[in-house]
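**Student:** So that we are looking at the same thing, I have put the structure below in structure tokens.
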Amino acid sequence: MGTARRLRLGVNIDHVATVRNARGGSYPDPLRAAQMAEEAGADGITAHLREDRRHISDADIDLLVQSLDVPLNLEMAATDDMQAIGLRHVPHAVCIVPERREERTTEGGLEVARDENRLAHFIAPLREAGCRVSIFIAADAAQIEAAARIGAAVVELHTGAYCDAHAEGRFSERDEELARLREMATFAHGLGLEVHAGHGLTYDTVKPVAALPEVRELNIGHFLIGEAIFRGLPAAIAEMRRLMDEARAGVAA
Ligand code: PXP
């Protein structure tokens, strides 16, 4: 048994901005958190510029683009405004997510299969500009096939249903969700897509997902920022990294 290539950890800093915006000032600064995450071993920084700007702002994105040494993964809805922002900054990666104003967080995956034509046109200029385009979807064969057809390089599989089932003690459902993630990671990889995963991951739920051999990157935010209150951001990230590495150690190369 060898070790599959190292699993990357993208740290999502949105909720540092949520805390800042609760008081409307400039503290705590998401850029400082991003730089600290970078020093603590994050392989990338993820930020979601929502249409309502409820957490990350345009100025945050400007600063992240200027200052980060690790790749920035910019999450956005598939709107004209967001496409223009993506083209202005050309971040390393753009992750297309569904967005509904009334939701508390990104509740489901993107409906790619029913919106294929529009999404193909949306991502084409971003790809041509040099962004790695990722699509955030449920672990579903039809969505994965559609993501491949529109020319995405990456699919990020939504782990929310798996994490919710765990948190609520619905363990047989959790195991079914994990089986679905496993099967669909293999399926997406077989279509030539790079596979990422994220949403809702915690210390309790990360290892089985980190052990899926085709998964190359996890994006984790809310739990890490919450845990940073108790143990500090570097220690919170270091523990996540340790669990990911431990899970990965058993994966054949
Ligand atoms: N991946 C994507 C595409 C997301 O939209 C989010 C949430 O913004 C995450 C990962 C991270 O989820 P969480 O904050 O629950 O760890």
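The values are calculated or read from the model by the stated rules, or taken from the named source; none is laboratory data. Please read all numbers here as calculations on a predicted model, not as lab measurements. Virtual Cβ from ideal backbone geometry, glycine too; neighbours counted across all protein chains shown.
**Student:** Condition test on residue 86, is it under 19 Å from the mean Cα position of the chain (by Cα), within 30 Å of residue 208 (Cα to Cα) and not hydrophobic (A, V, I, L, M, F, W, C)?
**Tutor:** Against the criterion (under 19 Å from the mean Cα position of the chain (by Cα), within 30 Å of residue 208 (Cα to Cα) and not hydrophobic (A, V, I, L, M, F, W, C)), residue 86 does not qualify.
**Student:** Scan 37, 33, 42 and give me the residue that is aliphatic (A, V, I, L, M), assigned to a loop (DSSP other than H, G, I, E, B) and in contact with a helix residue (DSSP H, G or I) (Cβ under 7 Å, 6 or more places away or on another chain).
**Tutor:** Going through 37, 33, 42 in turn, just one is aliphatic (A, V, I, L, M), assigned to a loop (DSSP other than H, G, I, E, B) and in contact with a helix residue (DSSP H, G or I) (Cβ under 7 Å, 6 or more places away or on another chain): 42.
**Student:** Report whether or not residue 46 is more than 18 Å from the chain's Cα centre (by Cα) and either closer than 21 Å to residue 132 by Cβ or away from the ligand (no atom under 16 Å from the Cβ) (or both).
**Tutor:** Taking the combined requirement at face value, the residue does not satisfy it.
**Student:** Hey, any hits in region 188-202 for a residue that's hydroxyl-bearing (Ser, Thr, Tyr) and in a helix (DSSP H, G or I)? Show your work before the answer.
**Tutor:** Restricting attention to region 188-202, the residues satisfying the condition of being hydroxyl-bearing (Ser, Thr, Tyr) are 202.
From what is left, the residues that are in a helix (DSSP H, G or I) are none.
Within region 188-202 (the criterion being hydroxyl-bearing (Ser, Thr, Tyr) and in a helix (DSSP H, G or I)), the answer is no, since none of the residues qualifies.
For (1) within 22 Å of residue 164 (Cα to Cα); (2) crowded, with 19+ Cβ neighbours inside 10 Å; (3) more than 16 Å from the ligand (Cβ to nearest atom); (4) touching a residue at least 12 places away in the same chain (Cβ under 8 Å), each residue gets a yes or a no:
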{"position": "94", "(1), (2), (3), (4)": "no, yes, no, yes"}
{"position": "108", "(1), (2), (3), (4)": "yes, no, no, yes"}
{"position": "113", "(1), (2), (3), (4)": "no, no, yes, yes"}
{"position": "121", "(1), (2), (3), (4)": "no, no, yes, no"}
{"position": "129", "(1), (2), (3), (4)": "no, no, yes, yes"}
{"position": "133", "(1), (2), (3), (4)": "no, yes, no, yes"}
{"position": "137", "(1), (2), (3), (4)": "yes, yes, no, yes"}
{"position": "143", "(1), (2), (3), (4)": "yes, yes, no, yes"}
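**Student:** From the list 210, 153, 188, pick out the single residue that is out of contact with any Lys or Arg (no Cβ under 7 Å at 6 or more places or on another chain) and modelled with pLDDT of 95 or more.
**Tutor:** 188
**Student:** Among (1) touching a strand residue (DSSP E or B) at 6+ places or on another chain (Cβ under 8 Å); (2) within 13 Å of the ligand (Cβ to nearest atom), where does residue 184 come up short?
**Tutor:** Residue 184 satisfies every listed condition except (2).
**Student:** Could you grab me the full set of residues in region 49-72 that are in contact with a His (Cβ under 7 Å, 6 or more places away or on another chain) and either within 13 Å of the ligand (Cβ to nearest atom) or at pLDDT below 95 (or both)?
**Tutor:** Passing the criteria: 55, 56.
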